[in-house]
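Participant: What follows is a single structure, and I will ask about it in a moment.
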Amino acid sequence: MSWFEPTILFLILYAFQIRKFEKGWDALPRFTEQNNECISIVVAARNEGENIGDLLTDLSKQTYENLEVIVVDDHSSDDTAKIVDSFPNVVLLRASQEGKKAAISEAVEAAKHTIILTTDADCRLSTTWVEKMVAPFTNKQISLAVGPVAFQEEESDFEKAQSLEFISLITSGAGAIGAKQAFMCNGANLAFRKINYATVDTDKASGDDVFLLHHAKKNGSEIVFVKEREAIVFTSPKEDIHSLLEQRKRWAAKSSDYQDKDAKRISWIVFLSNLCLLLLLFTGTWREVFIAFVLKAIIDYSILKKAVKFFQKEDIFHYFYPIQ
């Protein structure tokens, strides 16, 4: 049996979805108003002695003034807490429970201000990151703002290819928000109103970026994506295929608990499209395989071309065809 016909069918469904993402990406608004509210920045850190100093230095250089910075030490065995303690005006908390989710939850509860901004301990930020990420909250209807995340200092072919694939995920999530189909985000760059976080009522959701997004969406809260280069948070790619697969296994483990209809539908379309492509490799003729993979490349090309331009990473786009 050839899987050519099912593959084409699912690729057509996939094409409609990607086109929605692209239209959503193009339609994302700009937020230009200045926000003067007090902001609490929350960072969970575990054995991040090599990185936390750079992040806190970036936070100390922010153009935004009304800031509270909270770092919660998640049972580190290195000098993370000592480094955090050396920075003035940074609140250091010791997590009572193990795990990033619980650590963030404790920090959010301790935060003084009503708008929370989260990032990761191994990230780097521009000086106007806070300013750009909190600008949407001048609109009282907006309760959650998702920001762009990208890799930095990619050196090997594996890291550069990984960077392009990661950009595709971030852009798809952004496009979905623009298309009013929000289904995923990244906690390395996320802002939300504390009151909305407090109302997340399940253990699975508490402290988890994607479930917080789904909860906000379910409650009719307005969700936006901050499409600004100055809002990009930079993190590091995974060093090898094993660590990359472990990361994706952790992400995938949450999917069985998704209640959001868009997340379920989009996940199934993407999964079945790629599964059919894989099966076609073993059951189809070379011509059928060629047609299917060319069609997939055509579908992905336009939105990814726009994505690398936004992230100023046009130099990695030549990895597009091998990744296909």
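Participant: With the condition kept exactly as written, say whether any residue in the range 153-161 is closer than 24 Å to residue 59 by Cα and either of a type outside the set (Val, Ile, Thr) or open to solvent by 50 Å² or more (accessible area, probe 1.4 Å) (or both).
Facilitator: Kept after step one, since they are closer than 24 Å to residue 59 by Cα, are these residues of the range 153-161: 153-154.
Applying the additional criterion that residues be either of a type outside the set (Val, Ile, Thr) or open to solvent by 50 Å² or more (accessible area, probe 1.4 Å) (or both) yields 153-154.
Yes, there is a match, as at least one residue in the range 153-161 is closer than 24 Å to residue 59 by Cα and either of a type outside the set (Val, Ile, Thr) or open to solvent by 50 Å² or more (accessible area, probe 1.4 Å) (or both).
Here's the yes/no breakdown for (1) small (Gly, Ala, Ser); (2) in contact (Cβ under 8 Å) with a residue 12 or more places away in the chain:
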residue	(1), (2)
77	yes, yes
103	yes, yes
119	no, yes
140	no, no
144	no, yes
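Participant: Kindly indicate which of 65, 98, 50, 109 is closer than 19 Å to residue 233 by Cβ and surrounded by fewer than 17 Cβ atoms within 10 Å (Cβ to Cβ).
Facilitator: Working: 65 fails: closer than 19 Å to residue 233 by Cβ; 98 fails: closer than 19 Å to residue 233 by Cβ; 109 fails: closer than 19 Å to residue 233 by Cβ.
The unique qualifying residue is 50.
Participant: Give me the residue from the range 120-146 that is in contact with a helix residue (DSSP H, G or I) (Cβ under 7 Å, 6 or more places away or on another chain) and assigned to a strand (DSSP E or B) and, out of that set, farthest from residue 172 (Cα to Cα). Working first, answer last.
Facilitator: Initial filter on the range 120-146 (in contact with a helix residue (DSSP H, G or I) (Cβ under 7 Å, 6 or more places away or on another chain)): 121, 123-126, 128-129, 132-133, 142-146.
Filter once more, keeping what is assigned to a strand (DSSP E or B): 124, 142-146.
On the way: 124: 22, 142: 21, 143: 21, 144: 17, 145: 15, 146: 12 Å.
Ranking the candidates gives 124 first.
Participant: Tell me which of these residue 253 doesn't satisfy, since it passes every other one: (1) of a type in the set (A, V, I, L, M); (2) surrounded by fewer than 18 Cβ atoms within 10 Å (Cβ to Cβ); (3) touching a His at 6+ places or on another chain (Cβ under 7 Å).
Facilitator: Condition (3) is where residue 253 drops out.
Participant: Within the range 261-281, can one find any residue that is among the aromatic types (Phe, Trp, Tyr) and not in a helix (DSSP H, G or I)? I'd like the intermediate steps shown before the answer.
Facilitator: Let us first name the residues in the range 261-281 that are among the aromatic types (Phe, Trp, Tyr), namely 268, 271.
Cutting the leftovers down to not in a helix (DSSP H, G or I) gives us none.
Among the residues of the range 261-281, not one is among the aromatic types (Phe, Trp, Tyr) and not in a helix (DSSP H, G or I), which makes the answer no.
Participant: I would also like to ask the following. In the range 30-70, how many residues are of a type in the set (D, E, K, R) and more than 19 Å from residue 92 (Cβ to Cβ)?
Facilitator: Step one: list which residues in the range 30-70 are of a type in the set (D, E, K, R), which gives 30, 33, 37, 46, 48, 50, 54, 58, 61, 65, 68.
This time we only want the ones that are more than 19 Å from residue 92 (Cβ to Cβ), so: 30, 33, 37, 61, 65.
Of the residues in that region, 5 qualify.
Participant: Residues being open to solvent by less than 30 Å² (accessible area, probe 1.4 Å), of a type in the set (D, E, K, R) and under 23 Å from residue 13 (Cβ atoms): count how many of those fall in the range 282-324.
Facilitator: Residues that pass the stated criteria total 2.
Participant: Give the range 147-168 a look and list any residue that's over 23 Å from residue 20 (Cβ atoms), in contact with a helix residue (DSSP H, G or I) (Cβ under 7 Å, 6 or more places away or on another chain) and part of a loop (DSSP other than H, G, I, E, B), or say none.
Facilitator: 154
Participant: Can you find a residue that is in contact with a His (Cβ under 8 Å, 6 or more places away or on another chain), at pLDDT below 95 and open to solvent by 70 Å² or more (accessible area, probe 1.4 Å) anywhere in the range 260-281?
Facilitator: So far as the range 260-281 goes, no, none of its residues is in contact with a His (Cβ under 8 Å, 6 or more places away or on another chain), at pLDDT below 95 and open to solvent by 70 Å² or more (accessible area, probe 1.4 Å).
Participant: Checking the structure you have, find out if any residue of the range 224-232 is without any contact (Cβ under 8 Å) to a residue 12 or more places away in the chain, open to solvent by 30 Å² or more (accessible area, probe 1.4 Å) and either among the aliphatic types (A, V, I, L, M) or under 28 Å from residue 41 (Cβ atoms) (or both). Spell out the reasoning first.
Facilitator: Quick first cut of the range 224-232, residues without any contact (Cβ under 8 Å) to a residue 12 or more places away in the chain only: none.
The answer is no; no qualifying residue exists.
Participant: Something else now. Filter the range 1-30 down to residues that are open to solvent by less than 40 Å² (accessible area, probe 1.4 Å) and part of a loop (DSSP other than H, G, I, E, B), then give me how many there are.
Facilitator: 2
Participant: Also, I was wondering about something else. Identify the residue in the range 169-197 that is surrounded by fewer than 19 Cβ atoms within 10 Å (Cβ to Cβ) and part of a helix (DSSP H, G or I) and, among all such residues, is modelled with the highest pLDDT.
Facilitator: Among those that are surrounded by fewer than 19 Cβ atoms within 10 Å (Cβ to Cβ) and part of a helix (DSSP H, G or I), it is 169.
The values are calculated or read from the model by the stated rules, or taken from the named source; none is laboratory data. Note that the structure is a prediction, hence the values are computed from the model and not measured. No Cβ is skipped: glycine too gets one built from the backbone with ideal geometry, and neighbour counts run over all protein chains shown. Heads up: the accessible areas ignore ligands, DNA and RNA and are worked out on the full protein's heavy atoms, side chains in. Shrake-Rupley method; radii C 1.70, N 1.55, O 1.52, S 1.80 Å.
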